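Read the structure below first, then the notes.
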Amino acid sequence: MGIAARYEQVRREVEQACLDAGRPADSAVLLAVSKTVGTGGVSDAISAGATDFGENRPEQLMEKHAVFPDVRWHFIGNVQSRRIRDIVPCAYLIHSLHELKHARKIDEEAAKAGKVQNVLIEVNVSGEESKSGIAPEDAPSFLKECLALQNLRVCGLMTMAPPGDLSVAAECFAGLAGLLDSLRESAFSDDPGKLEAFCELSMGMSEDWHEAVQEGSTMVRVGRAIFSDEW
Ligand SMILES: *Cc1c(COP(=O)(O)O)cnc(C)c1O
């Protein structure tokens, strides 16, 4: 099976998983994580209907965005201060914000680019040391600081589950969904207008997206299941 066929299959499965979870079929966006392929692979996925792509390296993001400017490019990698000016003009949504100094720099660069930058706050729900993201208990204050920045639109939360055990992953996803709900109730009294945008849960990868959709994911980030022959 090629990339286009795998993309179509995963998309159908994600739609079915949404229905199985009692949600509308189109309530989770399938992000095709194209970091392991070149523009040919992206083109195959687009031919199968892909509209949203994820990249974790600024150079790849810029290159592919330049070739395919009409699909949405999501930045899902480690944010570095000196690359923010490259990322902002290309990124529809930055999933991996977890430092305030980066939030301020993104705000500045967005102002220069004449855009409001969509961002998600990355949370380390599992508490694994190897994972990046803010601690769940720091989320209220972190969110408050971000909401004060005029050129950021905070659209929700992102996490990565520890690999290996799907029941642990499911717990991690449920934790992120619970955090989104509690922030929606507590963090927007000063900014009721910003509550509407704060609704996305970016969670789930090739191995664990079923669990993520079950727990309320609105964006699954799938790489290998679409782009790898060996999946
Ligand atoms: C690579 C990557 C993915 C996709 O992982 P697969 O296991 O290939 O589906 C998702 N999210 C992030 C942050 C990644 O770096």
**OP:** Compute the whole-percent fraction of alpha carbon pairs in the stretch 50-104 spaced more than 13 Å apart.
**Re:** 52 percent
Original post:
Which is farthest toward the positive dipole end of the stretch 125-181 among Gly164, Phe142, Gly178, measuring Cα position about the Cα centre, with Cβ charges +1 (Lys, Arg) and -1 (Asp, Glu)?
Top reply: Phe142
Original post:
With charges only on Cβ, +1 for K and R and -1 for D and E, what is the dipole size of the stretch 14-124 about its Cα centre, in debye, rounded to 20?
Top reply: 500 debye
**OP:** Count the lysine pairs in the chain whose Cα atoms sit under 29 Å apart, keeping only pairs 8 or more residues apart in sequence or on different chains.
**Re:** 27
Subject >> Magnitude of the charge dipole, the stretch 54-194, Cβ model with Lys/Arg +1 and Asp/Glu -1, debye to 20 >> reply: 620 debye
**OP:** For the chain, state the semi-axes of the equivalent ellipsoid (square roots of 5 times the eigenvalues of the alpha-carbon gyration tensor), sorted largest first and rounded to whole angstrom.
**Re:** 26, 22, 15
Original post:
Can you give the helix-only mean residue ellipticity at 222 nm for the chain, where every DSSP H stretch with n ≥ 4 adds -39500 (n - 2.57) and the sum goes over all residues, rounded to the nearest 500 deg cm²/dmol?
Top reply: -12500 deg cm²/dmol
**OP:** List the longest stretch of the chain that has no exposed loop site; here a site is one of the GluC sites (Glu not before Pro) assigned by DSSP to anything other than H, G, I, E or B, with at most 10 other Cβ within 10 Å.
**Re:** 1-128
**OP:** In debye, nearest 20, what is the charge dipole magnitude of the stretch 117-208 about its Cα centre with +1 on Lys and Arg Cβ and -1 on Asp and Glu Cβ, if you could check?
**Re:** 320 debye
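Every read-out reported here was derived from the displayed coordinates using simple, explicitly stated rules and does not represent laboratory data. Predicted, not measured: the structure shown is a model, and the values here were computed from it. Note: ideal-geometry Cβ built from the backbone for every residue, glycine included; neighbour counts use all protein chains shown.
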